[in-house]
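Report on the following structure.
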Number of protein chains: 2
Amino acid sequence: MSIHTLNTPAALIDVARMRHNIDRMQSQLDKLGVRFRPHVKTTKCKQVVEAQVAAGACGITVSTLKEAEQFFMNGVRDIVYAVGIVPTKLPQALALRQQGCDLKIVVDSLQVARAVADFGREHDERFEVWVEIDVDGHRSGIQADDDLLVEVGRALVEGGMTLGGVLAHAGSSYEYNTRAALVQIAEQERSRTVRAAERLRAAGLPCPVVSVGSTPTALSAEHLEGVTEVRAGVYVMFDLVMHNVGVCDLENIALSVLTTVIGHQEDKGWAIVDAGWMALSRDRGTQKQAHDFGYGQVCTEDGRVLGDYLVSGANQEHGIVARVSKPDVNITETLPIGTRLRILPNHACATGAQHPEYQAVNTDGSTEAWPRFYGW
Amino acid sequence: MSIHTLNTPAALIDVARMRHNIDRMQSQLDKLGVRFRPHVKTTKCKQVVEAQVAAGACGITVSTLKEAEQFFMNGVRDIVYAVGIVPTKLPQALALRQQGCDLKIVVDSLQVARAVADFGREHDERFEVWVEIDVDGHRSGIQADDDLLVEVGRALVEGGMTLGGVLAHAGSSYEYNTRAALVQIAEQERSRTVRAAERLRAAGLPCPVVSVGSTPTALSAEHLEGVTEVRAGVYVMFDLVMHNVGVCDLENIALSVLTTVIGHQEDKGWAIVDAGWMALSRDRGTQKQAHDFGYGQVCTEDGRVLGDYLVSGANQEHGIVARVSKPDVNITETLPIGTRLRILPNHACATGAQHPEYQAVNTDGSTEAWPRFYGW
C-alpha cells in the first residue's frame, strides 16, 4: 500500500520522524548517564516498542496490566506497571511474575503495601514494589518528606517483599512553556525523588532504583544526579501539546490522521472531512495553552503544514476544517472534494487510542500496517 | 460473572435501563406514525442493535462503512450510511450492494452526485442516493431552498441512479435545554426537510423517503407530518449531555464505567480511581452546558448517584474523584481504597468507543460480555 491508496481516516506514523524522536531521547539520557524505560501506553504497538528497545531502552513502563501481558508475550521481561496497584489486580500481577515476567508494581499507601505483602506471602511470591512519590501535587504519590514514606517502605520489607525503589512523574510539566520553567520542574522532580530515596536509605531500607520522568522533564533536565532511570512516553510521536510546551517543532510530530475532504459549506469557508472525533479523539489539550489548535493542525497529504487551517470542530465522523485568521471564501478551490490531508493531533496518546492500527509511512510513501491493541 | 467480580475499568450497560430507553423512543415514534431507523454508531454492538430491531426498528443508520459491513454480516439489510460519500469509498459501497445489502448513500454536492452516477453506470449498479439537507447550519447538507438541491437530484436521476429521498440531522438541538426550544428546533428540522422533499417533487423528481432525526428532536417533536422516518442514536444509552439538554433523567443513563478507588490525596479530598480518560473518553461535552459534570458523575457500585462527587480530572489511567461543593476531608473513609464506583459518562458514543466490549448487567447483578468493534 501507499499513502495515496489508504482508506481514510487512518493513523499515520512518519517512520523517519519517529526514529529521529527515539534517537533524540535516547541520546539525551545516554548523555545524562541514566537508563531509559519508555512508556508504551502512547502507542501500544509492537513495532514501535521494538524500535525503542533497539535504540537502547532498558525495559518498559506500562499503564495497564494488559500492556504488561502483551509486551511480555512479545519478549519484554523488565516491566513497571506505573499505576498504583489495588488488591483485586494482584492475581493478574502474580500470574505474570509466575510466568517469568520481571514485573514491578507501585504503591502509595500503607493499606495497599500491607495487602501486597499479605498476598505475596500467601502465594509465596516476593513482589518487587516501588513507592510512588508525589513531586508536584499533580496526582498520586507520597511526598518525599512525609513520614508515611518510611512506614510504607518498612511495611514492604518487613512483609517480605522487595523494596525496589521510588518512582515519580512530574505531570505538571505539561503546564509550562519556557525552557527556564521546564529546567526548574525537571530539577524539582529529580531532587524530590532523590530525597525520597535518601530518606528510605537513611532509615536502613534499600532503594536501588530512582525512577523519574515525563517527556518535558526528560528533555529539559540539565543533570540527573541520584537518578537511575527515566520514563517518558509521548516523545516517540510528539504532538501539538508538546509543541506548545516547547519541546518539539511541528516538523517532529510523527503521528497524524490522514483524511479526505468530503464536502463544503462555501459561505462559511468550511471544508468537511471524514476525520471527526472518532479518528482524532476528543482531546482538546491545547485549549488552555498559548496556541489553541482546535482538534488539530491541517497539513497537506505529504505533511507540509497548511498555515492556520485547523480542524475547528468535530462530530463523530465529520471534521470541520477552517482557516482561523479569516474564513477562506475560496475553500472549494483551496481544498476541493477528494483532497487528502494530514491532521497533526493535540495528544498522540489519545489519538492513537482511537485506531486499531497505525499505518507506518516510509520515506518513499509506502505504508505498512502496525497493529495496536486496546482495552484492559 | 457478576458486577462484583469484574475487572475494572469496565463499560457497564444496565440492561433494564437500556430496554426502557428503547421502548420509550419506539413508542414515541410509533405514536407519531413514522418508521424508526436507530443510529448504531453509539454502541457498534450486535446485542444492542438486536434489541432495537426486536422493538420495532426498520433498518439502521451507520457512520462508517465498516459498521455497514459488520451489521450486514449480522443480518441487517436496510442500511443508510449517513456521512457524505466520497468517490474513493464507492468501491466499498458497491461491494456491499453486490452482496445484497440495501445500502443507501448520501451526497450534498453536484460533484459527488455526478461521480456516483458515473461510477454506478460504469459498474452497472443503480445506487440509491439520499440528498443531505442542512436544517440548522450545523454541519453538512444543502439548504432546502437552494437551487443546488434540484440540480443534485436531477444529476442523480439523469445519471441513472435512484433518488431515494432527503436526510437531515438537527445537530444543533444539543445546544438547547428547554422544552420550548426543543419543540421549535424539532419543527424546524421537520419543516425544512419536508420543504426540500416538496421542492424535489415539484421539479418532477421522486422523493419517497423524508428522514430526520437526533435524540433531542425525536423525543420533542409534536408532530412529524411529511416525515417518513426518524434516526437517533444516543437515546439507547443516554448520557450527561442529554440529561443537561433535558431529555432524560440521571436514572435513565444506561451506560456507566465501573472503576475502583486505588488511592487518595487526603489533604485535597481526592480519591484516585482506575478510570482515566482512556476508560471515560476525553469528551467534556458538559463543559459549556448549565451543569458541568467534569469527566463524569460518580455513583455507587449499584448505581445510586453520589451527590456532587464528580471525576474532576483525568489522566490516561487515573481519574480524580472529588466533591465539587466542598472538598471531602474524610475522603479516605467516604471512599476507602478498593471501593467500586460507577461513573455516568458525558457522552455515551465517545465513552463506549474506548472499550472493546460492554458488560451487560442484568437486574440480578449477573453480567455478560457484549463485544463492540471499532475502526474503519
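The values are calculated or read from the model by the stated rules, or taken from the named source; none is laboratory data. The structure displayed is predicted, hence computed values, not measured ones. FYI the Cβ positions are ideal-geometry reconstructions off the backbone, even for glycines, and counts take in every protein chain you see. Surface areas here come from the heavy atoms of the whole protein model, side chains and all, with no ligands, DNA or RNA. Shrake-Rupley method; radii C 1.70, N 1.55, O 1.52, S 1.80 Å.
When the protein assembly as shown is described by a simple charge dipole with +1 on each Lys and Arg Cβ and -1 on each Asp and Glu Cβ, the residue from A:Val86, B:Leu149, A:Ala181 located farthest towards its positive end is A:Val86. If R0 is 45 Å, the Cβ-Cβ spacing of A:Asp308 and B:Met1 corresponds to a FRET efficiency of close to 0.30. At the listed q of 0.14, 0.18 Å⁻¹, the Debye profile of segment A:16-237, built from one uniform point per Cα, gives log10 I(q)/I(0) equal to -0.82, -1.31.
Please compute, over every Cα-Cα pair in segment B:274-326, the percentage with a separation greater than 15 angstrom. Every Cα pair in segment B:274-326 considered, those over 15 Å come to 46 percent.
Global size of segment A:250-371: 13.7, 41 Å for Rg and Dmax (C-alpha atoms, Rg to one decimal, Dmax whole). Annotation: the antiparallel percentage among DSSP beta bridges lying fully within the protein assembly as shown is about 50. A Cβ-based charge dipole, computed about the Cα centre of the protein assembly as shown with Lys and Arg at +1 and Asp and Glu at -1, lands at about 340 debye.
Solvent-accessible surface, computed for protein heavy atoms with a probe of 1.4 Å, shrinks by 30 Å² or more for the following residues of segment A:246-264 when the other protein chains are added to the isolated chain: A:Ile262.
Of A:Gly213, A:Gly365, A:Gly160, the residue with the greatest mean-square motion in the GNM of chain A, using alpha carbon springs below 10 Å, is A:Gly365. Along its principal axes, the protein assembly as shown has C-alpha extents of 91, 58, 43 angstrom, given from the largest down. Taking the convex hull of the alpha carbon positions in segment B:25-138 and averaging its projected area over all directions gives 7.8 nm². For segment B:19-64, the alpha carbon positions stretch 29, 19, 14 Å along the principal axes, listed from largest to smallest.
For segment A:313-340, heavy-atom accessible area (probe 1.4 Å) falls by no less than 30 Å² from the chain alone to the full protein assembly at A:Asn315, A:Gln316, A:Glu317, A:His318, A:Ile337.
Pairs over the 28 Å Cα-Cα cut-off, from the set A:Lys41/A:Lys326; A:Lys41/A:Lys288; B:Lys44/B:Lys104; A:Lys268/B:Lys44: A:Lys41/A:Lys326; A:Lys268/B:Lys44.
Measuring from each Cβ of chain A to the axis carrying A onto B, the nearest residue and its distance in whole Å come out as A:Arg282, 2. Return the value, in Å² to the nearest 100, of accessible area buried between chains A and B (probe 1.4 Å, both sides summed). Separately minus together, A and B give about 4800 Å² buried.
Taking B:Gly100, B:Gly164, B:Gly233 in turn, the Gaussian network model of chain B (Cα-Cα springs below 10 Å) assigns the largest fluctuation to B:Gly100. The heavy atoms of B:His223 offer some 80 square angstrom of accessible surface to a 1.4 angstrom probe. In segment B:304-376, Rg over Rh equals 1.02, where Rg is the alpha-carbon radius of gyration and Rh the Kirkwood radius from pairwise Cα distances.
Mean-square fluctuations from a GNM of chain A, with a 10 angstrom spring cutoff on Cα atoms, peak among A:Asn362, A:Asn330, A:Asn252 at A:Asn330.
Full extension of the chain segment joining B:Arg19 with B:Asp267 gains 85.0 nm, where the gain is 0.36 nm per residue of separation less the Cα-Cα distance.
Per the Debye formula with a single identical scatterer at each Cα and no solvent contribution, what log10 I(q)/I(0) holds for segment A:195-293 at q = 0.10, 0.15, 0.24 Å⁻¹? These q points yield log10 I(q)/I(0) values of -0.48, -0.80, -1.26. Per residue, chain A exposes an accessible area of 35 Å² to a 1.4 Å probe, with every protein chain left in place. The label point for B:Arg201 and the one for A:Glu333, both projected 7 Å from the Cα toward the Cβ, are 4.0 nm apart.
For A:Ala180 and A:Lys31, what is the calculated FRET efficiency with R₀ set at 35 Å and r taken between the beta-carbons, to the nearest 0.05?
0.95
Cα-Cα pairs above 31 Å in chain B: how many percent? That fraction is 39 percent. Just report the Cα centroid separation between segment A:309-376 and segment A:189-250, whole Å. Spelled out, the Cα-based centre of one part sits 31 Å from the other.
A helix-only calculation puts the protein assembly as shown at -9500 deg cm²/dmol for mean residue ellipticity at 222 nm, using -39500 (n - 2.57) for each DSSP H run of at least four residues, averaged over all residues. Treating r as the C-beta distance of A:Ala369 and A:Glu222 and R0 as 30 Å, the FRET efficiency rounds to 0.15. Taking the Cα centre of each part, how many Å lie between segment A:274-290 and segment A:1-53? Each part's Cα centre sits 21 Å from the other's.
What is the ratio of the Cα radius of gyration of segment B:158-239 to 2.2 N^0.38 Å, with N the residue count, to two decimals?
Scaled against compact globular proteins, the figure is 1.18.
Using a probe radius of 1.4 angstrom, the carbon and sulfur fraction of the accessible surface of chain B is 47%.
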